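First comes the structure, then the notes that go with it.
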Amino acid sequence: MARDRETVCMYYVAAGQCKKGRDAAHTHYCQRCDKYVPRARVRHKNQKKEKLRRIKEREAE
């Protein structure tokens, strides 16, 4: 199952709680909100590329 790599909004507190008064459901909704501001600039790793790199390293041994 895929993990969500979405960055949480600065105003998101918990499920159903948003400091801006919105009905906060982090998955999908916060990303579309016009008041969305990411908490931090996070660089997400390319998981597919990392997995393939590890497999190649094992084969080379």
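The values are calculated or read from the model by the stated rules, or taken from the named source; none is laboratory data. All figures in this text were calculated on a predicted structure; none of them were measured in a lab. Here the Cβ is made from the backbone with ideal geometry for all residues, glycine too, and neighbour counts use every protein chain on show.
Things worth noting here:
- With respect to the conditions (1) of a type in the set (A, V, I, L, M); (2) surrounded by 10 or more Cβ atoms within 10 Å (Cβ to Cβ); (3) at pLDDT 80 or above, residue 60 falls short on a single one, namely (2).
Residue by residue, here is whether (1) of a type outside the set (D, E, K, R); (2) in contact with a strand residue (DSSP E or B) (Cβ under 6 Å, 6 or more places away or on another chain); (3) at pLDDT below 80; (4) not in a loop (DSSP other than H, G, I, E, B) holds:
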site	(1), (2), (3), (4)
5	no, no, yes, no
13	yes, no, no, yes
25	yes, no, yes, no
34	no, no, yes, no
40	yes, no, yes, no
56	no, no, no, yes
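- Close contacts from the range 29-48, counting a first residue that is more than 17 Å from residue 13 (Cα to Cα) and of a type in the set (S, T, N, Q) and a second that is at pLDDT 80 or above and not in a loop (DSSP other than H, G, I, E, B), with Cβ to Cβ under 9 Å and a gap of 6+ residues or different chains, come to none at all.
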